[in-house]
Every structure is written in structure tokens, then in C-alpha cells.
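Shown next, in C-alpha cells, is the structure this report addresses.
The values are calculated or read from the model by the stated rules, or taken from the named source; none is laboratory data. Since we're looking at a predicted model, the values are computed, not measured. Please note: Cβ atoms are built from the backbone with ideal geometry, for glycine as well, and neighbour counts cover all protein chains shown. These accessible areas exclude ligands, DNA and RNA; they are computed on the full protein's heavy atoms, side chains included. Shrake-Rupley method; radii C 1.70, N 1.55, O 1.52, S 1.80 Å.
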Amino acid sequence: MAGISDVMNKIKSNNVKFVDFRFTDTKGKEQHVTVPVSAFDESKFTEGHAFDGSSIAGWKGINASDMLLIPDPNTANMDPFMEEPTMILTCNVIDPTDGKGYDRDPRTIAHRAEAYLKKTGIGDTIYFGPEPEFFVFDSVTWQSGMQGSSVKINSEEASWESNHDHEGGNVGHRPTVKGGYFPVPPVDSMQDLRSAMCLTLEEMGVPVEVHHHEVAGSGQNEIGTKFSSLTERADWTQILKYVVHNTAHNFGKTATFMPKPVLNDNGTGMHVHQSIWKDGKNMFAGKEYAGLSKDALFYIGGIIKHGKALNAITNPSTNSYKRLVPGFEAPVMLAYSAKNRSAAIRIPFVSSDKARRIEVRFPDPTANPYLAFTAMMMAGLDGIQNKIHPGDAETRDLYDLTPEEENKIPQVAHSLDQALEALDNDREFLTRGGVFTDDFIDSFIKLKMDEVTRMRMTPHPIEFDMYYSV
């Protein structure tokens with residue numbers, strides 16, 4: 001683990017010219033401010049760097065806007081994309097009025113969650129292994145105004161390009177719709193791009209386990225990275241997003257983690273593997289269904305019970321619910337099963353108890369990782385604390401049920417506003433131990449309802465198709 005002295009030595013050995021302070025806002029977007037190395041010394045780790053919090057959506061008003069960034073020395077990384085040698089330091093946001101972590105800072109919330117887990121006695125560490133998918137396009141344009149709305153995606157890999165002329169000729173090799181998983185190149189045109197992303201991730205301390213093309217045919221990809229503890233794994237997820245966006249940009253392409261950018265092809269999810277450990281022992285391993293412990297089943301019960309409220313945090317965009325549509329192979333059924341990928345919670349097959357875990361499949365990568373991992377943990381802990389059994393595992397194909405059978409299984413929210421309403425009414429489990437505050441939840445709901453309202457007010461081209469001639 002790098003200490004402050006290690007960071008200062010790294011600055012010297014890498015001839016660092018700038019230090020970039022980074023933090024994550026409520027929406028999950030990294031923000032940054034940069035100082036020249038001449039303005040950086042050890043005092044920044046204790047006294048912090050001041051900034052105006054009123055400009056961050058969902059944070060303090062202008063009447064109480066002074067905030068401090070306190071860098072975490074364990075996160076020191078060289079930025080591989082900057083021309084001048086630049087060191088990245090991930091920060092916690094501190095309220096200078098009391099010197100404590102700011103209640104609306106996602107990383108502070110994640111730290112509080114890890115402390116709360118230890119306080120419960122249920123475990124001392126919770127591990128998360130997210131699998132964020134993403135699309136890479138050649139270009140994208142959109143506009144929305146009084147004259148109309150439009151969006152256009154350009155992707156030479158997409159099936160709709162098969163009869164278009166390209167500079168140098170149309171190569172012809174491309175995946176079909178839902179056919180991207182996973183033929184070799186040249187059908188997979190993203191191999192070198194993903195490899196470059198992987199090398200950069202490892203250079204920045206994020207262990208890579210696998211990379212491949214995903215199901216959607218127009219440039220959908222996945223890079224599998226190693227599991228880690230809650231806050232560190234959220235840090236790594238932010239690094240992954242940064243690397244994916246900037247590597248694609250350097251290749252003359254554009255990457256997006258939107259859940260559903262392409263009509264009639266697979267959407268983008270972020271399946272999240274998770275397990276609780278105590279004293280070096282996996283508390284999810286046992287003798288119950290699929291080798292799980294009773295606590296693991298109760299954890300699943302908590303996820304199912306609070307599923308709709310969780311959606312507000314794990315699927316926090318209006319676009320999220322264009323992926324979570326019943327009948328289209330999306331994990332909308334709040335049930336669990338070993339191997340069965342149609343269930344919202346899957347128990348992966350593993351060869352040892354150390355790897356025993358659950359996989360929650362409904363989240364998507366528009367989620368703020370600090371908030372999403374914390375919220376799922378809090379739901380799972382509620383399940384353990386109150387012994388919420390999830391019922392029997394599902395062995396049926398949940399994509400092929402009768403309407404009567406479907407009605408007996410709880411489902412995820414069908415829209416962001418429904419999820420936000422569920423969060424508003426089902427929040428107590430999140431506030432235990434002061435992990436989330438009511439103030440934060442209220443501000444989150446308001447921030448996201450503004451997005452819902454903006455979407456509601458905007459005429460959609462499909463509405464013209466359905467109603468213009470009525």
C-alpha cells in the first residue's frame with residue numbers, strides 16, 4: 001500500500017508535472033481539478049484542496065459551497081493519456097465545517113458501508129466483481145430542440161453497414177444482430193482496441209482477467225477485471241470507464257456505457273458478483289442450495305425484497321428501462337437460480353468454496369459504483385439480519401412463462417420514476433448505521449426526477465410514428 005512518502009517519491013521518479021485530484025459526483029461521473037506539482041506537497045493529504053461544491057449537481061447550494069478534497073495516497077496512478085506527466089489521486093470529499101466526510105460524497109458513503117459491515121459482525125469484508133459492458137461506435141450525433149429530435153449511430157461493424165461504401169472498400173466481415181458473442185477477427189473488429197484497453201488497465205493497477213466481444217453486433221464489448229473490496233472495486237470501475245472512454249477516443253472512436261443505445265439488439269448490463277467474508281472465510285459457502293450458506297440465501301432474499309428500490313440506484317437512468325423490458329431476454333424476474341441466466345440473481349458454478357458467490361444481473365453501468373455496491377450490500381444485510389428467505393430457486397426458463405406464472409414472480413421496476421417512488425417508500429434499510437442519510441436520498445430522488453421530467457416533456461419520434469395521423 002502506497003503511503004504519503006511513496007507518493008512523493010513517485011512524483012520525483014516520474015518527473016511529475018501535474019497532480020490531478022479526482023472525485024465522483026452523485027450521478028457517477030468523475031470530476032477533476034489539476035494543480036502544478038509546484039503547488040503540491042504533503043500538506044494536501046491532511047489540509048486538502050478547496051473547491052466549490054455548488055457547481056456539482058445534487059450537492060451543496062451556493063450559500064454553503066466550500067468543500068475540501070482529501071486525496072487517498074493508496075490511489076496514486078500515472079495518467080497514461082496526458083501529454084505532460086500527470087499523477088492521478090482519487091479523493092474523499094470533506095465538509096470543512098465539521099471535518100467529516102460529506103454526506104453526499106459517494107466514496108464517503110462507500111467507506112461508511114464497509115465500516116457498518118464490520119459493526120454488524122456479519123463479516124469484515126465484502127467483495128464485488130462487476131462486469132460492465134460497453135459499446136464502441138465510429139461516431140454518434142444527436143440533437144433535441146423545438147424543431148425536432150434525432151440520433152444517428154455510425155458503426156462500420158454494424159449489420160446496417162453491409163451495403164454501404166467505405167473508404168478502402170467494404171470488408172464485408174461483421175457480426176449479425178445479436179451475433180457478436182463471439183466470432184474471431186475480422187468479424188470481431190475490436191480485438192486490438194480491447195487489448196490496448198487491457199494493457200492500460202493493468203498499467204494502472206487494475207488486474208484484467210478476460211476480454212471479448214459481447215452479443216450485440218454493433219460494437220458491444222466486455223473487459224472482465226478482478227473482484228476486490230467495496231471501495232477499491234468502485235475505484236477500479238471508475239478507472240475502467242476512464243480507460244475505455246479515452247482509449248476509444250485515441251483510436252478515433254467513441255465509447256458509451258449507455259444501457260440501450262441500439263434498437264433491437266442486446267442492451268448493456270453490469271452483472272455484479274458479490275460475497276461476504278469474515279476472518280478469511282467465505283460466509284456465502286455452505287450446504288444449502290448450490291453450495292450456498294443460509295446467510296447467502298438470506299442475502300438474496302434482501303436483494304429480492306428491496307429490488308425495486310435498488311433499481312433507482314443500480315439502474316439510475318431513463319435509458320436503463322429500455323433494457324429492462326419483459327419478454328426480451330432481460331433479467332427482469334426477481335428470482336434466483338444456479339446456471340439459469342434468465343433469473344435476476346444467478347449462482348455461478350464454481351469449483352471451490354472460496355469462489356462461492358452470487359451474481360446480481362439487473363444493474364447497468366450508468367450506476368454510480370460506490371452507491372450501487374453499497375445499496376446492494378445494505379439490502380443483502382437486511383436479508384441476513386431479518387432472515388428473509390428468497391423461496392425456492394427457479395429452474396424454469398423465465399423468458400417463456402405464461403402470464404399467470406409471471407404474475408407470481410416479483411419483477412424489477414419498469415421505469416425510473418417507479419424505481420424512485422419505491423426508493424422513497426423503502427429507504428430505511430439504506431439508512432441503518434448512518435450509511436445513507438435521508439438528506440442524500442432526498443437529493444438523489446430530486447436529481448433523478450429532473451431527468452424523468454425532462455424525458456417526459458420531450459416529444460419522441462416514435463410518437464409521431466404512432467400518433468401523427470390519428
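Listed by position, the strands (runs of 3 or more DSSP E) contained in the range 207-273 that have at least 1 residues being at pLDDT 95 or above and within 20 Å of Thr90 (Cα to Cα) are 220-225. Restricting attention to the range 95-106, does a residue exist that is touching a helix residue (DSSP H, G or I) at 6+ places or on another chain (Cβ under 7 Å), crowded, with 21+ Cβ neighbours inside 10 Å and assigned to a helix (DSSP H, G or I)? Yes, there is a match, as at least one residue in the range 95-106 is touching a helix residue (DSSP H, G or I) at 6+ places or on another chain (Cβ under 7 Å), crowded, with 21+ Cβ neighbours inside 10 Å and assigned to a helix (DSSP H, G or I). Of the residues making up the range 416-470, those that are assigned to a loop (DSSP other than H, G, I, E, B) and either charged (D, E, K, R) or surrounded by 11 or more Cβ atoms within 10 Å (Cβ to Cβ) (or both) are Asp426, Arg427, Val435, Phe436, Thr437, Thr458, Pro459, His460.
Each residue in the range 322-357 was checked for being in a loop (DSSP other than H, G, I, E, B), aromatic (Phe, Trp, Tyr) and modelled with pLDDT of 90 or more, and 1 pass. Of the residues making up the range 314-330, those that are open to solvent by 10 Å² or more (accessible area, probe 1.4 Å) and either among the acidic types (Asp, Glu) or on the phi < 0 side of the Ramachandran plot (or both) are Ser317, Thr318, Asn319, Tyr321, Lys322, Arg323, Val325, Pro326, Phe328, Glu329.
For the range 373-393, residues that are of a type in the set (Asp, Glu) and either open to solvent by less than 10 Å² (accessible area, probe 1.4 Å) or modelled with pLDDT under 90 (or both) total 1.
Reported count of residues in the range 283-300, each being open to solvent by 30 Å² or more (accessible area, probe 1.4 Å) and closer than 13 Å to Gly123 by Cα, is 2.
Screening Ile109, Ile70, Ile88 for residues that are among the aliphatic types (A, V, I, L, M), outside any strand (DSSP E or B), in contact with a helix residue (DSSP H, G or I) (Cβ under 8 Å, 6 or more places away or on another chain) and not assigned by the TED database to the domain that holds Glu203 leaves exactly one candidate, Ile109.
Scanning the range 115-133 for residues that are out of contact with any Lys or Arg (no Cβ under 9 Å at 6 or more places or on another chain) and either outside any helix (DSSP H, G or I) or surrounded by 19 or more Cβ atoms within 10 Å (Cβ to Cβ) (or both) yields Leu117, Ile126, Glu131, Glu133.
When each of Val171, Val262, Val208, Val187 is tested for being touching a Cys at 6+ places or on another chain (Cβ under 9 Å) and farther than 21 Å from Ala372 by Cβ, the lone residue that passes is Val208.
What about Phe40, is it open to solvent by 30 Å² or more (accessible area, probe 1.4 Å), without any contact (Cβ under 8 Å) to a residue 60 or more places away in the chain, farther than 22 Å from His245 by Cβ and among the aromatic types (Phe, Trp, Tyr)? It is false that Phe40 is open to solvent by 30 Å² or more (accessible area, probe 1.4 Å), without any contact (Cβ under 8 Å) to a residue 60 or more places away in the chain, farther than 22 Å from His245 by Cβ and among the aromatic types (Phe, Trp, Tyr). Is it the case that Val140 is surrounded by fewer than 20 Cβ atoms within 10 Å (Cβ to Cβ), touching a residue at least 12 places away in the same chain (Cβ under 8 Å), out of contact with any Asp or Glu (no Cβ under 6 Å at 6 or more places or on another chain) and not in a helix (DSSP H, G or I)? Answer is yes for this residue. Being modelled with pLDDT under 90, part of a loop (DSSP other than H, G, I, E, B) and surrounded by fewer than 16 Cβ atoms within 10 Å (Cβ to Cβ) is a property that does not hold for His173.
Among residues of the range 116-134 that are at pLDDT 95 or above, those with a Cβ under 6 angstrom from a residue that is in a helix (DSSP H, G or I) and not aliphatic (A, V, I, L, M), sequence gap 6+ or separate chain, pair up as Tyr116/Gly433; Asp124/Lys118; Phe128/Arg233; Phe128/Phe373; Pro130/Thr237. Of all residues in the range 143-169, which are open to solvent by 40 Å² or more (accessible area, probe 1.4 Å), within 24 Å of Pro183 (Cα to Cα) and not in a loop (DSSP other than H, G, I, E, B)? Of everything in the range 143-169, those that are open to solvent by 40 Å² or more (accessible area, probe 1.4 Å), within 24 Å of Pro183 (Cα to Cα) and not in a loop (DSSP other than H, G, I, E, B) turn out to be Asn154, Ser159, Trp160.
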